[in-house]
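One structure is given below, encoded as structure tokens.
The values are calculated or read from the model by the stated rules, or taken from the named source; none is laboratory data. All values reported here derive from a predicted model rather than from experimental measurement. FYI the Cβ positions are ideal-geometry reconstructions off the backbone, even for glycines, and counts take in every protein chain you see. Please note that ligands, DNA and RNA were not included when accessible areas were found on the heavy atoms of the full protein model with its side chains. Shrake-Rupley method; radii C 1.70, N 1.55, O 1.52, S 1.80 Å.
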Amino acid sequence: MIMEFLKKSFFFILIGVAIIVFLLFNRHDTPDTDAKLTPVPDPIKEEAKAKDDETANSIVIVDVKGAIKKPGIYDVSPDARVHDVIELAGGFTKQADQTMVNLAQKVQDEMVITIPQTGDDADGLSETTGTVGQESKLKINQATQTEIETLPGIGPSKAQAIIDYREENGPFQTIDDLLQVSGIGEKTLENFQDAIQIP
């Protein structure tokens, strides 16, 4: 009797295990029709977009005119100096007045670099075409701390204050806006207002 009971129990246990295994496998194989499909990004398109964004942020475009061998439009690095652009443009002509050009100045996007000839009125060129020369004014809204420190009466702390104010409140709209900067009073502003340009 005991053996017969054990045989029957074992038989039912096997059937139960078989049903459980069947249900488990059937559950994994059945697709979830309610699951939402998540779009998979195209790695090729993502990489191309990243390269386009990187390229857009890694060049500036400048226009070189005047006493230069190859005048024209040039794409350069944001860290480039006027000297680098002049080299790309083939260098100065024999008539160029090199003493009126600040070769160490950093270039900016949409900058016009006009190289004057000997005897030209450099101040006039600076006002009309944006010549980059020794008499050119500092663009206070784009200038670095080192460049701002070259202004009369401006040391490291005041230069940093100007940059901090610019970052918090946006570009300066008028010369008088600089009076809102901590440490800049009317006398200090008078010392350097003729050396800066807004915008």
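Worth a mention:
- Qualifying positions in region 183-199 - among the polar types (S, T, N, Q) and exposed (fewer than 12 other Cβ atoms within 10 Å of the Cβ): none
- Test: residue in region 110-124 that is part of a helix (DSSP H, G or I), modelled with pLDDT under 80, surrounded by 15 or more Cβ atoms within 10 Å (Cβ to Cβ) and in contact with a helix residue (DSSP H, G or I) (Cβ under 9 Å, 6 or more places away or on another chain): yes
- Some residue of region 22-30 being surrounded by 10 or more Cβ atoms within 10 Å (Cβ to Cβ), more than 26 Å from the chain's Cα centre (by Cα) and at pLDDT 85 or above: no
- From the list 4, 87, the one residue that fits, being within 20 Å of residue 104 (Cβ to Cβ), at pLDDT 60 or above and acidic (Asp, Glu), is 87.
- Verdict on residue 180 being under 25 Å from the mean Cα position of the chain (by Cα) and open to solvent by 60 Å² or more (accessible area, probe 1.4 Å): no
- Restricting 49, 69 to residues that are at pLDDT below 75 and basic (Lys, Arg) narrows the list to 49.
- Qualifying residue in region 143-151 (condition: at pLDDT below 85 and of a type in the set (Gly, Ala, Ser)): no
- First in region 178-191 and farther than 17 Å from residue 141 by Cα, second anywhere and part of a helix (DSSP H, G or I), Cβ under 8 Å, 6 or more apart: 183/157; 183/158; 183/161; 185/179; 186/179; 188/158
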